[in-house]
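These notes are about the structure you will find just below.
Where a number appears in this text, it was derived from the coordinates with a stated rule and is not lab data. The structure displayed is predicted, hence computed values, not measured ones. Don't worry about glycine lacking a Cβ; one is built from the backbone with ideal geometry, like all the others, and counts go over all protein chains shown.
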Amino acid sequence: MATAASRSVLRSTRRLFCTNATPKNNHQNTHKFLEPDSFIGSWETPKTPKEAEAKLARLRREYAKQVKVLRKEYIVEVEALRIEKQRKEEARKEAIRVANEERKKLKAEAAKVRAEERKIEQEEFRKLLLKERAEKLENWRMKEKRQEEKKKVKHELLHRQSSNWIDGRELEKKILEVMVDGTQI
């Protein structure tokens with residue numbers, strides 16, 4: 001079982017032997033070092049302490065000037081990096097905005113197509129309903145007509161049969177005859 005220390009050592013050695021440059025340590029490969037400074041190793045021992053103090057003060061001033069120049073360069077580089085990063089961010093946002101607009105446009109077109117299809121389907125459905133209603137109405141009219149014809153036929157048959165019937169006056173006469181002569185019925 002490996003301990004935490006051995007695992008971290010193993011990870012760090014693995015990183016050392018890694019051949020591809022990762023974005024994390026890519027700056028180590030691309031860094032440009034400055035030329036060695038002229039005043040390093042240029043110190044000669046002065047004869048008097050006053051002279052040494054003056055020389056040291058001059059070296060400090062020169063060093064402070066160089067640091068000031070380097071700081072200005074660093075500020076310019078950082079500002080350039082910030083502007084580049086801001087430009088990339090704006091480009092990314094613009095690309096996202098354009099993609100969103102395109103997606104919304106495609107979505108709106110798809111919704112328009114679906115609405116057209118829905119409208120066509122509704123129109124077809126409405127026509128089908130109207131056709132069915134017309135067929136039902138026609139069927140109902142035919143049934144009503146048949147019933148009317150049946151009623152007419154029945155009425156006509158009843159009318160023909162009723163012509164064979166006896167009038168009210170004749171009916172009394174017939175009833176009287178039947179009472180007198182019971183065998184006739």
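A few points about this structure:
- Ordering Ala80, Pro49, Leu59 by Cα displacement along the dipole of segment 49-180 toward the positive end leaves Pro49 in first place; charges were set at the Cβ atoms of Lys, Arg (+1) and Asp, Glu (-1).
- Anchor Lys152: lysines whose Cα lies under 19 Å away (excluding residues fewer than 8 positions away in-chain): Lys143
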